[in-house]
Amino acid sequence: MGFLEAYKSFWRNYVNFSGRAPRSAYWYVVLWNVIIFVILYALAFIFGISAIMEAAMGGTGMAGGGGAIVLVIILWLYLLAALLPTISLMVRRLHDSGKSGFFVLLSLIPFAGGIIILIFMCLESDGPNQYGDGDIDSKFDF
């Protein structure tokens, strides 16, 4: 599964909690989300700094500040929109390694839960199991 195909599938399988997801699909989506987050956050930071600089020089500081606020709102809306498909992808990734989707609830445990989930996301495919056969790249929903 390629970089763009994984991201398209991420949104197409928005609430699909059954089946499996290959390790590559999970990590490509994580990379996409990091890229989007960094770009939006960097732009908001630049607008925020320009507002601070303008205010320091005696201006109102509203020129860049408004842009920063809009970008932060867009960032949070994106993060909110991506929450459910991310949980869905994590459940399918857990299925691929032979684990129950309920293990995703471990992420609610501060620190240790996140580390355990990270380890589970790095595990190799379990081969054929109760969630489907092992040939998921050829049957993955594009």
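The relative contact order of the range 3-93 comes to 43 percent, based on Cα pairs under 8 Å that sit 6 or more residues apart.
At an R0 of 35 angstrom, the distance between the Cβ atoms of Val38 and Gln130 translates into a FRET efficiency of 0.40. Dividing the helix sum by the residues of the chain, where each DSSP H run of 4 or more adds -39500 (n - 2.57), gives a mean residue ellipticity at 222 nm of -22500 deg cm²/dmol. Label sites at Ile115 and Ala81, each approximated as a point 7 angstrom past Cα along Cα to Cβ, lie 3.5 nm apart. Take the Cα of Ser24, step 7 Å toward its Cβ, do the same at Ser50, and the gap between the two points is 4.0 nm.
Under the Kirkwood approximation applied to all pairs of distinct alpha-carbon atoms, what is the hydrodynamic radius of the range 3-93 in Å? After inverting the mean inverse Cα-Cα distance, the result is 14.7 Å.
Read-outs throughout are calculated quantities, based only on the coordinates presented, and are distinct from any laboratory measurement. Being a predicted model, the structure only gives us computed values, none of them experimental. Every residue, glycine among them, receives a Cβ derived from its backbone with ideal geometry; neighbour counts consider all protein chains shown.
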